[in-house]
1. Among the candidates 14, 29, single out the residue that is modelled with pLDDT of 95 or more, surrounded by fewer than 11 Cβ atoms within 10 Å (Cβ to Cβ) and closer than 24 Å to residue 100 by Cα.
2. Does the range 190-222 hold any residues that are polar (S, T, N, Q) and touching a residue at least 24 places away in the same chain (Cβ under 8 Å), and which are they?
3. Suppose we keep only residues that are of a type outside the set (A, V, I, L, M) and surrounded by 18 or more Cβ atoms within 10 Å (Cβ to Cβ) within the range 32-54. Which one would you say is nearest to the chain's Cα centre (by Cα)?
4. What pairs come out if I take residues in the range 174-187 that are small (Gly, Ala, Ser) and pair them with residues that are surrounded by fewer than 17 Cβ atoms within 10 Å (Cβ to Cβ) whose C-beta lies under 7 Å away, six or more apart or interchain?
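The values are calculated or read from the model by the stated rules, or taken from the named source; none is laboratory data. Computed from a predicted model, the values in this text were never measured in an experiment. Glycine gets a Cβ as well: all are built from the backbone with ideal geometry, and neighbour counts include every protein chain shown.
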Amino acid sequence: MHNRNRGKNTGDDVIFGSQKQIDKLKMAVQDMMYLLSRDYAEKASSELVGNRYKLKTRQIQALRGASASEQQIKHRKNKQLDVSDLKNKILYLDGFNVLILMESLLSGAYVFEGTDGCLRDLSGVHGTYKRVNQTQRAVELVAAFFQKAEVQKLVWIFDRPVSNSGRIKQIVLDFAEENKLNWEAELEFNPDKFLAENSEIAVSSDAWILDHCQKWFNLIAHLIAEEKLDVNLVKTV
């Protein structure tokens, strides 16, 4: 395995590391929520707010991830489950969403708590998934949650079009077999749509999935609190 992390970009400490920059981002998120709640388009809203606060590209990316309309926030909160609701349930986990976010926060990258209470980062899969130093630890943390919450079964859903998705699927299945965990892993061409339509309980922080699924669980926020993880957390509200 290559010696890879999914940590901070050069310059992230400058644009996210001071209280002045965090306060600016918070004000931008409030403005963004105001516009989205009045049906302004996300792209136009983020450009307007970005210009207003002279935000850099990665700050605008964080702004978009953290923002939602008042209606979306209410709708998502109404569908959110507590960990006590998960006993003996089948959960469908948004594989790359959860893994990459966990890898980022374990690498010391900045993660952002949005208006809906979800954590999001600035990484992503750009056609290829590459395992990093923190991948194993991320899977172990999901396993710890799975056992403590007494979940009946966990189904990992990965994007079939992403290069190496078959490899990470096998890593997850091998880990489950070694540790006698009731896990499955599947590759889907459109995992977002699959999770929204086929899962009773989705585990993701993807905004579109949260808006369209039946029920969801905020795994990353739960793990940070439960495992007392040391996180470069930026609260935007």
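1. On the way: 29 fails: surrounded by fewer than 11 Cβ atoms within 10 Å (Cβ to Cβ).
After ruling out the rest, the residue left standing is 14.
2. Taking the range 190-222 first, the residues polar (S, T, N, Q) are 190, 198-199, 204-205, 214, 218.
Within the range 190-222, 198, 199, 204, 205, 214, 218 qualify.
3. Within the range 32-54, the first condition is being of a type outside the set (A, V, I, L, M), and the residues that meet it are 34, 37-40, 42-43, 45-47, 50-54.
Imposing the further condition that a residue be surrounded by 18 or more Cβ atoms within 10 Å (Cβ to Cβ) reduces the set to 45-46, 50.
Values: 45: 22, 46: 20, 50: 23 Å.
Among those residues, the one meeting the criterion is 46.
4. Final answer for the pair search is 185/173.
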